[in-house]
Amino acid sequence: MARTNYTPEFKSKLVLEVLQGEKELNGIAAEHNINPNMLRNWKKDFLANSSRTFDENRQVKEARRKEEALKKENERMLKTIGQLTLERNFLQDCFRITGTPLSPSDQGCQFTSAEYKVLLKHLHITQSMDGKSRQADNIMIERWFHSLKTEGIYLNEYETPRVLRQAIRAYVQLYNTVRSHQALENCTPEAMYYASFPVQNADLDGLRWAG
């Protein structure tokens with residue numbers, strides 16, 4: 001006689017009927033034409049393994065939590081990479097346009113990176129970094145970064161790196177060519193810069209920031 005294979009759903013249904021206590025185990029077994037001992041074994045296995053249901057739920061929740069944490073970390077890394085790429089591209093534009101011979105900065109990771117140092121060397125630019133915990137060593141550029149952040153970046157939200165890049169460019173244009181500075185005898189940085197050239201009538205328009 002062929003052995004009957006019972007599905008997990010069928011076994012669970014009968015065990016639940018036994019656990020409900022409305023019918024005797026033997027009566028349920030007879031009703032479904034199965035051996036009572038088989039039903040007892042199903043019940044035993046069910047109770048022995050019932051805790052796995054909750055363990056699996058915890059495991060699923062933990063896996064989902066780790067997945068969500070990994071997703072957030074990936075998003076954070078992508079934002080960081082995007083920011084560093086934006087800064088690198090912006091600096092490349094600055095160096096290409098102005099031909100700045102000196103690059104003052106702090107010791108942030110983007111400025112101490114091998115790629116940045118290679119870029120400066122390629123452009124024949126001298127790197128000037130302040131000492132550790134010595135922000136005053138490059139106080140002028142530190143002050144400028146403070147102005148950029150507090151007057152522009154921190155006050156706005158930028159949907160794309162392109163929009164942020166345009167905003168920074170506009171701020172540099174305003175800071176260098178429009179706003180006068182008391183420390184520069186109420187001149188703009190641009191006026192003071194070009195006034196330092198020996199040949200005053202030289203055509204320097206190619207070095208100016210595009211509007």
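Label separation (Ala170 vs Glu22): 7.2 nm, computed from points 7 Å beyond Cα along the C-beta direction. Length gained on full extension, Gln107 to Ala183, computed as 0.36 nm times the residue gap minus the Cα-Cα distance: 24.7 nm.
A straight Cα-to-Cα reach below 23 Å connects Lys44 with the lysines Lys11, Lys13, Lys23, residues fewer than 8 places away in its own chain not being considered. May I ask you to list the lysines whose Cα is less than 18 Å away from that of Lys72, ignoring any residue fewer than eight positions away on the same chain? Leaving aside lysines fewer than 8 places away in the same chain, those within reach of Lys72 are Lys61. Need the C-alpha centroid separation for segment 10-25 versus segment 101-122, integer Å. So the separation of the two Cα centres works out to 74 Å. Where Rh is the Kirkwood radius over the Cα pairs of segment 8-49, the temperature 37 °C and the viscosity 0.692 mPa s, what D in µm²/s does Stokes-Einstein return? The diffusion coefficient I find is 329 µm²/s.
Spin-label pair Tyr158-Val118: with each label point 7 Å from Cα along the Cα-Cβ axis, the two points sit 2.5 nm from one another.
Express in nm, to one decimal, how much length is gained between Asn5 and Ala30 on full extension, taking 0.36 nm for each residue of separation and deducting their alpha carbon distance.
Working: separation 25, 0.36 × 25 = 9.00 nm, distance 1.72 nm.
That works out to 7.3 nm of additional length.
Any read-out appearing in this document is the output of simple, stated calculations on the displayed coordinates, not a laboratory observation. Predicted model, so just to flag it, every value in this text is computed and none were measured. Every residue, glycine among them, receives a Cβ derived from its backbone with ideal geometry; neighbour counts consider all protein chains shown.
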